[in-house]
Amino acid sequence: VHEGILRRQSARESSARTYARALPIVPVRARGLTIEGADGRRYLDCLSGAGALALGHNHPVVLEAVRGVLDSGAPLSVLDLATPVKDAFITELFRTLPPGLAGRARVQFCGPAGTDAVEAALKLVRVATGRTGVLAFTGAYHGMTAGALAASGGAPDVQVTRLPYPQDYRCPFGIGGPGGAETAVRWTTSLLDDPKSGVPLPAGMILEPVQGEGGVIPAPDGWLRSMRRITQDRSVPLIADEVQTGVGRTGAFWAVEHSGITPDVMVLSKAIGGSLPLAVIVYRDDLDVWHPGAHAGTFRGNQLAMAAGTATLAHVRENGLAARAADLGSRMLTRLRDDLGHLACVGEVRGRGLMIGVELVDPEADGSAPAPVSATADPSATADPSSAPSGPEPFRTPRPAAPALAAAVQRECLQRGLIVELGGRHSAVVRLLPPLTISDEQAAAVLDRLSDAVAAVAR
Ligand code: PMP
């Protein structure tokens, strides 16, 4: 059965398949952290539907909520009509919002995916400001539709100005390390304020508080506060893309809470649907200048997803799972650094909460040779790095990223019954996104298997 399904689907499905290539498994049952394949093998799932599963697979509160809708005879799809199921979802969602937004929020239901909500956010700020350009960051990932893709650096025909996202390790502009975030801030203000930069006042700035697909890069809280101040001072709406970081994942209910900033727009998807498709934007009421029909879509009324989402949001809130993610995540990071930090093939272990990354590097390369990647090597970079105010020297000179080693670690993990994701600009970061419900014992088993897998490729 297993082999037949794999063979048929790889023959019939598009060549754009991604996960299925690296993970030749055929899931037939799942519960919590565990997936069981058609071949009877069991796996610990730290991919979690690319971060969509805050409570793991088939959590009882999610199943109960979904069954509740099915048994009630409620319509499953309702466009954007008012329903009790939606009312409960909005009430629970608003209960969780950062204080600065909670009292004055509007919600717009978007298409089913995160990328749809990103499109809505980009449209909204353009309508609200009457401006067109967007500020986005190096290494960003916002989705695969045209506007979201442009903000992610993949569609040069949409006007996006790319700014440096602060990162100490392997900063593409060579400004990582002490003072690096301040340099990134200075660069941003000079791009916005210097008429010679040619960057017109934009419609909005979009950022991830922790870059996920970009390789698990947490933004410093101080830098986020600077981005808030810079945008506020210039009346530029700040869009926080919390598609991946939201619902407790990083150790706060919303990742922007770590820095205390209040964005003008929040883009939410993945975990808010409790594993079913749901995406919304939440924004300050004075930005609500849409005309009726300005952002329509058929699948904005998925009642099963709303019920699953309500149950998930409430469960995370009532059980303090964000605090649990902060605590367990920091213990996991400590153990990973102890286990792996000394290996020549491990460049960095980093993360926030239960968003954890291990970057694989070439152990043979000379780590002392300065090797900052020039921004011009990044096809998504539109800014000229030579125009950056001069900053401190890079304080670390990482060995070259090793995507082949990361893929080997992913394979070794799979052999040991552990599913992990890869990310980062070089696909060299092994990523863990376990459900927030993972127990200490399960976390230890995950780390045992990951450490074994890395040790196997390090040999
Ligand atoms: N924004 C972020 C931060 C994401 O991580 C993703 C998906 N990985 C998206 C947007 C796009 O979401 P979707 O895949 O549901 O379109």
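Computed from the coordinates by the stated procedures, all read-outs in this text should not be read as laboratory data. Everything numeric here is computed off the predicted structure, so don't read it as measured data. Please note: Cβ atoms are built from the backbone with ideal geometry, for glycine as well, and neighbour counts cover all protein chains shown.
In the chain, which whole DSSP H runs stretch at least 24 Å along their own axis (Cα) and average -0.5 or higher on the Kyte-Doolittle scale?
Answer set is 321-340, 440-458.
Which whole-Hz couplings ³J(HN,Hα) result when phi for each residue of the stretch 50-58 is put into the Karplus expression 6.51 cos²θ - 1.76 cosθ + 1.60, θ = phi - 60°, listed in order with x for Gly and Pro?
So the J values, rounded to whole Hz, are 6, x, 7, 10, 5, 9, x, 7, 6.
Which loop-located trypsin sites (Lys or Arg not before Pro) does the stretch 1-93 contain, where loop means any DSSP state but H, G, I, E or B and the Cβ has at most 16 other Cβ atoms within 10 Å?
Sparse-neighbourhood loop trypsin sites (Lys or Arg not before Pro): Arg17, Arg41.
With no solvent and one equal point scatterer placed on each C-alpha of the chain, evaluate the Debye formula and give log10 I(q)/I(0) for q = 0.10, 0.13, 0.14 Å⁻¹, two decimals.
-0.72, -1.24, -1.43
Kirkwood Rh over Cα pairs of the stretch 64-318 into Stokes-Einstein at 10 °C, 1.306 mPa s: D in µm²/s?
D = 86 µm²/s.
Using just the C-alpha positions of the stretch 131-277 as equal point scatterers, what log10 of I(q)/I(0) does the Debye formula give at each q in 0.16 1/Å?
Debye intensities relative to I(0), on a log10 scale: -0.85.
Quick check on the exposure proxy: order His2, His142, His342 from fewest to most C-beta atoms within 10 angstrom.
Exposure proxy ranking, most exposed first: His342, His2, His142.
Residue by residue through the stretch 422-436, what is 3J(HN,Hα) from phi via Karplus (6.51 cos²θ - 1.76 cosθ + 1.60, θ = phi - 60°)? Round to whole Hz and write x for glycine and proline.
10, x, x, 5, 10, 6, 10, 10, 7, 10, 10, 10, x, x, 5
Note down the relative contact order for the stretch 64-318 as a percent, whole number, built from C-alpha pairs under 8 angstrom at least six residues apart.
Over the stretch 64-318, the number comes to 29 percent.
Pull up all non-local amide H partners of Asp241: gap of 5 or more, or a different chain, and H-to-H distance under 5 Å with H placed in the peptide plane.
Leu207, Glu208, Val267
Go through the stretch 196-201 residue by residue and turn each phi into a ³J(HN,Hα) via Karplus (6.51, -1.76, 1.60, θ = phi - 60°); whole Hz please, and just put x for glycine and proline.
In residue order, the calculated couplings are 5, 5, x, 9, x, 4 Hz.
Would you grab the residues whose amide H sits under 5 Å from the one on Phe137? Only those 5+ places off in sequence or on another chain, please, with H modelled 1.01 Å from N.
Result for Phe137 returns Leu163.
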